[in-house]
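The values are calculated or read from the model by the stated rules, or taken from the named source; none is laboratory data. Only a predicted model underlies this, so the values are computations on that prediction, with no experimental measurement involved. Heads up, the Cβs are rebuilt from the backbone with ideal geometry, glycines too, and the neighbour counts pull from every protein chain shown.
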2 protein chains.
Amino acid sequence: MKKRPLIFVTNDDGIQAPGLRTLIGLMRKIGKVIVVVPDRSRSGTAHGITINVPLRLETIAREPDYEEYCCNGTPVDCVKIGFKVVLGNHPDILVSGINHGSNASINIIYSGTMAAVLEGCMSGIPSVGFSLMNYGWNADFNPSGKYVKQITESVLENGLPEGICLNVNIPDIPEEQILGVKICRQSEGTWQEDFDERVDPTGRKYYWLKGIFIKAGDGLDTDEWALEHGYISVVPVHTDFTARHALEKLGYLVTPQSR
Amino acid sequence: MKKRPLIFVTNDDGIQAPGLRTLIGLMRKIGKVIVVVPDRSRSGTAHGITINVPLRLETIAREPDYEEYCCNGTPVDCVKIGFKVVLGNHPDILVSGINHGSNASINIIYSGTMAAVLEGCMSGIPSVGFSLMNYGWNADFNPSGKYVKQITESVLENGLPEGICLNVNIPDIPEEQILGVKICRQSEGTWQEDFDERVDPTGRKYYWLKGIFIKAGDGLDTDEWALEHGYISVVPVHTDFTARHALEKLGYLVTPQSR
């Protein structure tokens with residue numbers, strides 16, 4: 001590995017999240033760290049960007065090898081403003097998390113943590129998102145530390161294939177029970193959702209989204225299988241949404257004049 | 001086609017958008033229409049969901065073959081609350097748009113219009129997003145009408161492959177110049193972005209994101225090529241982010257104890 005790498009840290013649980021503090025602590029052992037994070041929880045904001053409100057940037061800490069900023073935007077905004085305004089150039093790696101809760105399976109689509117990672121990837125930066133399978137604010141992030149550090153160092157050393165970033169999920173078990181790292185595909189789970197209907201003091205209805213995650217009967221090559229069996233799952237992810245296997249199946253949409 | 005199909009309409013430009021009104025007009029010619037849309041522009045919210053604020057639902061119109069509601073949430077919230085609370089069951093098709101501006105290439109990742117479509121797809125509903133390559137509020141949606149209706153009817157007739165939805169973009173040219181429909185892959189464009197730094201009256205800095213879209217030198221099979229050459233682009237899209245071609249390239253991340 002070259003000299004002290006420049007590590008960009010962000011998350012979606014906001015500046016006060018314990019998972020962020022664990023990640024910062026681990027990264028400071030590896031290199032120079034620049035943190036740009038949302039000023040509050042922006043969980044579930046996916047790849048949203050802020051268009052109608054201007055962004056603000058607040059300096060929290062500024063030391064020789066460590067800088068910390070917070071922003072009123074989404075995780076993707078934090079990456080964009082972090083790269084352009086704070087850094088003015090590109091870091092050697094972007095890490096996001098450690099998220100409080102799973103971003104395995106379809107959860108990636110709602111995730112601000114992983115959106116920041118995809119945004120870093122779109123700028124050509126090796127980018128990795130870390131999530132612990134425990135939504136609690138008091139979750140124990142210590143068992144994950146060894147692997148978070150190891151994966152980060154390995155990506156710094158080896159890089160990532162072009163256009164690829166990593167979705168890393170960590171089982172919520174003691175360190176000695178973790179069996180290692182498994183390269184996986186995204187499994188096919190879904191959320192079974194409903195709305196909790198309530199009435200406010202003025203008599204108007206309001207709704208809270210609630211749901212439970214339903215695992216699919218997926219194969220041995222999926223992230224959910226790996227996590228259930230004590231492995232850390234690593235899914236290589238890209239930003240091409242094209243379903244290539246379906247390209248040949250849509251001939252019926254092509255009208256005669258366009259052939 | 002079976003009897004009058006049940007068509008769910010949403011968008012991300014909000015209830016006042018002219019593109020939405022065009023889409024509603026076209027869909028009312030085909031079937032029974034249920035509209036659930038954001039109460040304001042929620043462009044750029046991607047697949048975001050509302051977690052910290054309860055959702056509200058307001059009835060705008062309720063006729064035998066037409067119902068219209070607005071919601072304070074994102075497009076994805078509109079789909080979830082639309083299916084669960086308004087409909088209580090599933091529509092025959094979900095259409096989203098017509099978006100003011102391109103959702104071709106990487107724009108899909110930021111798009112609320114296409115997020116609603118992906119959400120519909122995740123519920124097993126044939127879902128199609130329509131976008132016109134013109135960001136203007138006064139854009140002319142008329143030339144697109146024939147094709148929007150035709151594609152919707154074809155999807156109602158033929159369905160879509162499992163787990164697949166459609167990202168349809170329409171060039172901003174007169175109807176007689178449109179050459180037809182082309183099935184494409186997502187092209188590899190990027191945004192070249194920067195921040196406009198300003199100072200508010202109290203002396204504090206604030207930032208506006210700005211950028212220009214940079215087309216990649218993509219092939220004849222891409223959406224950008226089709227749009228530039230007078231075709232309507234149709235990209236089949238799915239919710240699996242796995243970069244399968246990279247699965248074999250990440251062996252260096254697997255530590256010895258996990259083999």
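Taking the conditions exactly as written (over 21 Å from A:ALA17 (Cα atoms), under 18 Å from the mean Cα position of the chain (by Cα), modelled with pLDDT of 95 or more and surrounded by fewer than 23 Cβ atoms within 10 Å (Cβ to Cβ)), does A:GLN177 satisfy them or not? No: the conditions fail for A:GLN177. Only one of the numbered conditions (1) buried (at least 17 other Cβ atoms within 10 Å of the Cβ); (2) more than 14 Å from every other protein chain (Cβ to nearest Cβ); (3) modelled with pLDDT of 95 or more is violated by B:PRO143, and that is (3).
Contact map, region B:212-225: residues that are closer than 26 Å to B:PHE195 by Cα paired with residues that are aromatic (Phe, Trp, Tyr) and assigned to a strand (DSSP E or B), Cβ distance under 8 Å, separation 6+ or inter-chain. Pairs shown: B:ILE212/B:TRP191; B:PHE213/B:TRP191; B:ILE214/B:TRP191. Could you list all residues from region A:172-223 that are of a type in the set (S, T, N, Q) and in contact with a strand residue (DSSP E or B) (Cβ under 7 Å, 6 or more places away or on another chain)? Across region A:172-223, the qualifying residues are A:GLN186, A:SER187, A:THR190, A:GLN192, A:THR222. Mind checking whether some residue in region B:164-184 is more than 10 Å from every other protein chain (Cβ to nearest Cβ), among the charged types (D, E, K, R) and closer than 30 Å to A:ASN52 by Cβ? The answer is yes, given that some residue of region B:164-184 is more than 10 Å from every other protein chain (Cβ to nearest Cβ), among the charged types (D, E, K, R) and closer than 30 Å to A:ASN52 by Cβ.
Residues of region A:51-62 that are touching a Gly at 6+ places or on another chain (Cβ under 7 Å) and more than 16 Å from A:VAL86 (Cβ to Cβ): A:ILE51 alone.
Please tell me if A:ALA226 is farther than 29 Å from A:GLN177 by Cα and either touching a Pro at 6+ places or on another chain (Cβ under 7 Å) or more than 8 Å from every other protein chain (Cβ to nearest Cβ) (or both). So A:ALA226 does not fit the description; no. Here is a list: B:GLY145, B:GLY163, B:GLY129, B:GLY112. Which entry is in contact with a strand residue (DSSP E or B) (Cβ under 7 Å, 6 or more places away or on another chain) and either closer than 29 Å to B:PRO38 by Cβ or of a type in the set (A, V, I, L, M, F, W, C) (or both)? Every option except B:GLY129 fails the conditions. Quick check on my filter: what residues within region B:185-201 are within 7 Å of chain A (Cβ to nearest Cβ) and within 15 Å of A:ARG244 (Cα to Cα)? Result: B:ARG185, B:GLN186. Filter region A:239-254 down to the residues that are touching a Gly at 6+ places or on another chain (Cβ under 9 Å) and over 16 Å from B:GLU188 (Cβ atoms), then identify the one that is surrounded by the most Cβ atoms within 10 Å (Cβ to Cβ). Among them, the one singled out is A:ALA243.
Only residues that are under 25 Å from B:THR239 (Cβ atoms), among the hydrophobic types (A, V, I, L, M, F, W, C) and touching a His at 6+ places or on another chain (Cβ under 9 Å) were counted in region B:145-195, giving 2.
Within region B:1-49, if we keep just the residues that are in contact with a strand residue (DSSP E or B) (Cβ under 6 Å, 6 or more places away or on another chain) and among the hydroxyl-bearing types (Ser, Thr, Tyr), the residue that is nearest to B:ASN72 (Cα to Cα) turns out to be B:THR10. Entry remark, region B:200-233: residues being surrounded by 19 or more Cβ atoms within 10 Å (Cβ to Cβ), more than 30 Å from A:ASP223 (Cβ to Cβ) and in contact with a helix residue (DSSP H, G or I) (Cβ under 7 Å, 6 or more places away or on another chain) number 6 in total. Among the strands (runs of 3 or more DSSP E) confined to region A:127-232, the ones with at least 2 residues that are under 25 Å from B:PHE83 (Cβ atoms) are located at A:190-199, A:205-214.
Number of residues in region A:2-46 that are on the phi > 0 side of the Ramachandran plot and either modelled with pLDDT under 95 or not in a loop (DSSP other than H, G, I, E, B) (or both) equals 1. Taking the criterion of being more than 14 Å from chain A (Cβ to nearest Cβ) and either under 30 Å from A:LEU118 (Cβ atoms) or part of a strand (DSSP E or B) (or both), the residues of region B:51-75 that qualify are B:ILE60, B:ALA61, B:ARG62, B:GLU63, B:TYR66, B:GLU67, B:GLU68. Hey, does region A:40-50 have a residue that's more than 19 Å from B:ILE51 (Cα to Cα) and either crowded, with 24+ Cβ neighbours inside 10 Å or within 14 Å of chain B (Cβ to nearest Cβ) (or both)? No, the conditions are met nowhere in region A:40-50. Whenever a residue of region A:54-65 is touching a residue at least 40 places away in the same chain (Cβ under 8 Å), its partners that are surrounded by 12 or more Cβ atoms within 10 Å (Cβ to Cβ) and hydroxyl-bearing (Ser, Thr, Tyr), lying with C-beta atoms within less than 7 angstrom and at least six residues away or across chains, give the pairs A:ILE60/A:TYR69. Taking every residue in region B:233-247 that is within 7 Å of chain A (Cβ to nearest Cβ) and more than 22 Å from A:ALA115 (Cβ to Cβ) and pairing it with any residue that is surrounded by 20 or more Cβ atoms within 10 Å (Cβ to Cβ) and among the small types (Gly, Ala, Ser), at least 6 positions away or on another chain, the pairs with Cβ-Cβ distances below 7 Å are B:PRO236/A:ALA243; B:PRO236/A:ALA246.
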